[in-house]
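Since the structure comes first, as structure tokens, the remarks are kept for the end.
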Amino acid sequence: MNHNIEDSLYYHEKTKHSQASVLNSHHYLDWNNRPNPFKVYANLSSIALPSDFPKPSMNAIDAINGDIYGKEKSSGLKLHADEVIESKHHYRPMRLTDLSSILFFTCGVTRQLKFDSGTFYMRAASATGALYPIEVYLVCNNFPDDKLDAGVYHFNPGEFSLVPIRSGDYRKILSSYAGNDVEILKSPLSLIFTSNSWRNSWKYQSRSYRHWFWDLGVIIANLLAVIKSMGLETRLKMGFVDDQVNNLLGLQTHSEASLLIASIHSSAFPNMNKSERDSDGNFSPHYKTTLEPLSHETYPLSSKQTFYPDIWKAYDASKLINNREVISWSKVQSIKTTKKNREKSNVRKLYYLRKDLFNNDSMDGNTLDIGKVILKRGSSRRFSNLSISRSVFSTVLLNASYLDGKIPLDYKRDSSGLIEFYVLVNSVEGLPSGGYYLDKHAAILEFLKEKPTDNYSGHLCLDQSLFANASAVIFLMADLKMVLEILGNRGYRAAQLEAGIIAGKMYLLSYACGIGASGSTFYDNEVNTFFSHSGLRMETMIAIGIGVPAYKSKPGSILPVRLSRKQMIGNVSISNNF
């Protein structure tokens, strides 16, 4: 199924936007049926997470750009005398406060906005339409000092809590679903990210399958930066047997689906807590080896839901059915790029971006660490049409691209990637307006063509003035057919996710540099045609506008909310689900 790539090509073509498709759409938003932003179990108790967690405080750009730095630059993982356990190595088991910090700065609630239509709970990472379809689950070993038992948990950001859905150490079972992955087996903690389909398709319909990976990507950008600041490491796995992982979490078929596993550990210390060692100091955890069915009831997201079959056809076509397919997926050695074809183009002008990168060590007298930047980040709603400096522009582009040696995804064995950068410049100091291609390895912008109209960037982004007033709009594109030929239908997930992670890095980098950013959808074929050159036909994954905001917004805060069940479920009834 994964290698019948016509399924993904069909989905991508069918869900493209054009002026005609947007104007002729009869879809409307039923605000009385807007999905609730929280998944709430009806009959399960929760465990409150501590709110006195460490704040990630590495320099924001250092944390975002992915370079390897010494552990002395990390500040979130500090050893104290009572935390050191003597064995062959010194190591510190992960604590519940560490987990709280990871979850809060990745997808916790940082703002409450009250409108006539109700209260919106904004989170640490952006989400298209502020609908937050991504859910987070944990598969972990014991946290012995904090009395959190090994198990499978759901994270509820609405009450900043963990909900136990399975008891026992399921890391071996999860590892077996991911090609017997050793890092999952030995890491004390793995996060599993899922998408609840209706929460986003309420607004974006069948196209929302793309949004799954955009929304997940910006969360992962936060996760990677926070993990690095804490001196930890992670490995991102897209290769696993979908139905088995979904069954582990008790997900409802064609309603919620697993997308990614992130195993979290520290290379500085052994991955085992002292509870995993026997009397001789050997590694001896008590794994679960059987899986019982789950039947936990959850409250429905809204009173009625619409099913979009194209989403699930694309999802099902990209499933991995067994470990043979998982191992085959993980053996891809390199993603070839189209660089040779680009070198044949008749480039008129080259602009070098490597020099004079922006330094955010001190802005307005305050060091901008990654924790502060995550709280500061929002989605700009109005740009001022002012120019940004070339140093800021270069810093955002290069730290999201070539300075990031490798996004730690399982199918990648080198620094190659699926995504190419195309840029529509409106007002950047020292750069003529027009369309560009970024050679991310050489840090060179190649001028391609002039803009047909002054507000062309806004037109391409569904005729939104927000993006007409942006200093630049970056279109993240992929040679989709090549990607699918190498990775199969699952490559569609990978291309969209990589674009989402890069977009998330651009969000954070923009706010670290004192400007703003906002993501957008687009008229697919018009963007593709404008940037086509040398016979290449790229497909657009996502667009990001960056620029100077036309207003000053308040930053978010350390706000681990404790909402009541009534606040989280609204007026829906459990009976609507069955």
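Read-outs throughout are calculated quantities, based only on the coordinates presented, and are distinct from any laboratory measurement. This one's a predicted model, so the numbers in the text were calculated from it and none came from an experiment. With ideal geometry, Cβ positions are generated from the backbone for all residues, glycine too; neighbour counts draw on all protein chains shown.
Run the Debye formula on the Cα coordinates of the stretch 339-547, all scatterers equal and no solvent, and tell me log10 I(q)/I(0) at q = 0.08, 0.09, 0.11, 0.18 1/Å.
Each listed q maps to, in turn, -0.25, -0.32, -0.49, -1.38.
Mind ranking 131-142, 518-529 by how tightly packed they are, going by the mean number of other C-beta atoms within 10 angstrom, highest first? Present the calculation step by step, with values, prior to reporting the outcome.
Values: 131-142: 24.0, 518-529: 19.8.
The peptides rank, most packed first, as 131-142, 518-529.
Residue 112 label point, 7 Å along Cα→Cβ, cut-off 18 Å on backbone N: hits in the stretch 121-164?
121-124, 156-161
How do the peptides 491-501, 301-311 rank, highest first, by the average count of neighbouring beta carbon atoms within 10 Å per residue?
Averaged packing, sorted descending, gives the order 491-501, 301-311.
With a 10 Å radius around each residue's Cβ, average the other Cβ atoms per peptide and rank 421-430, 56-65, highest first. Write out the running numbers ahead of the final one.
Numbers: 421-430: 20.6, 56-65: 24.6.
Sorting 421-430, 56-65 by mean packing, highest first, produces 56-65, 421-430.
Size of the stretch 463-578 along its principal axes in angstrom, Cα-based, largest extent first?
Here the spans come out as 58, 44, 26 Å, largest first.
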